[in-house]
Amino acid sequence: MNKVNYAKELEKKIEEFQKEGRIPSLLLHACCAPCSSYCLEYLRQYFDITVFYYNPNIMNEPEYRKRVEEEKRLIAEYNRQVEIGDFEGMNSDLSARKIEIIEGDYVVKDFLDAVKGLESCPEGGDRCTKCFELRLEESAKVAAEKDFDFFTTTLTISPLKDADRLNRIGNEMAKKHGTFFLPSDFKKKEGYKRSIELSRKFDLYRQDFCGCEFSRLQRLAEKES
Ligand code: SF4
């Protein structure tokens, strides 16, 4: 079976909105500032964005706080660019839209309950599927409650994360909660590379593990071996 190119699917949607002269509202689930950097740079040209920071998978609270503060600092930086009209490398028709942020509940137990019995799975396995389901379901609920046109996630920028699985779960959660998932695969079109450049530009904190303690320990063991 041919793989879907979700980056192309997103481009097609954007073309439709542009033809209609629409700027849809988008709830963008964000995992961290480095991954958000390129996604925001790209999407803010076409959408009215509210970032949804919902990541109870970050089991260590100081690490969680550090990441959420970094996300807010990045958004403030992009909003400052809007204020001063600095749109380097972007479409000149970008109108002055500021990015908002909503912080979701931070209850690590919700993550631990969701991945119960799967703690020792390697990164990329079934534990991650449950983790994606938890975060995308909450995003779908908030998108539906607050009447956003779409929701999507920055998670597809990671070369370690399966875009097929994320898009499938996103669509399932959208159906379940009566909203729409925007297809994405932000790693395509050099998106991942650009996120590294932007992280350097804004001096963003780049953690070397995904988020949960299990992924931190896995990364540590990989480094040691
Ligand atoms: S490795 Fe990442 S995606 Fe997988 S369960 Fe841990 S935090 Fe979630």
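The values are calculated or read from the model by the stated rules, or taken from the named source; none is laboratory data. Nothing here was measured: the structure is a model prediction, and the numbers come from that model. Virtual Cβ from ideal backbone geometry, glycine too; neighbours counted across all protein chains shown.
Tabulated results
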read-out	value
Residue satisfying all of: in segment 127-171; more than 9 Å from the ligand (Cβ to nearest atom), among the basic types (K, R) and touching a helix residue (DSSP H, G or I) at 6+ places or on another chain (Cβ under 8 Å); nearest to C35 (Cα to Cα) among these	R165
Residues of segment 20-29 satisfying the condition of being more than 12 Å from T156 (Cβ to Cβ) and buried (at least 24 other Cβ atoms within 10 Å of the Cβ)	L27
Selection count where residues are in contact (Cβ under 8 Å) with a residue 24 or more places away in the chain and under 22 Å from N57 (Cα atoms), scope segment 200-225	12
In segment 77-99, residue modelled with the highest pLDDT [restricted to those that are within 30 Å of C212 (Cα to Cα) and in contact with a helix residue (DSSP H, G or I) (Cβ under 8 Å, 6 or more places away or on another chain)]	I99
Residues that are in a helix (DSSP H, G or I), within 15 Å of the ligand (Cβ to nearest atom) and either of a type outside the set (A, V, I, L, M) or closer than 14 Å to C128 by Cα (or both), drawn from segment 202-225	E213, F214, S215, R216, Q218, R219, E222
Residue satisfying all of: in segment 174-189; modelled with pLDDT of 95 or more and surrounded by fewer than 16 Cβ atoms within 10 Å (Cβ to Cβ); nearest to A7 (Cα to Cα) among these	K175
Among residues of segment 172-197, those that are among the β-branched types (V, I, T) and more than 19 Å from C32 (Cβ to Cβ), counted	1
Any hit, segment 110-126, residues being more than 16 Å from the ligand (Cβ to nearest atom), at pLDDT 95 or above, buried (at least 18 other Cβ atoms within 10 Å of the Cβ) and of a type in the set (A, V, I, L, M)	no
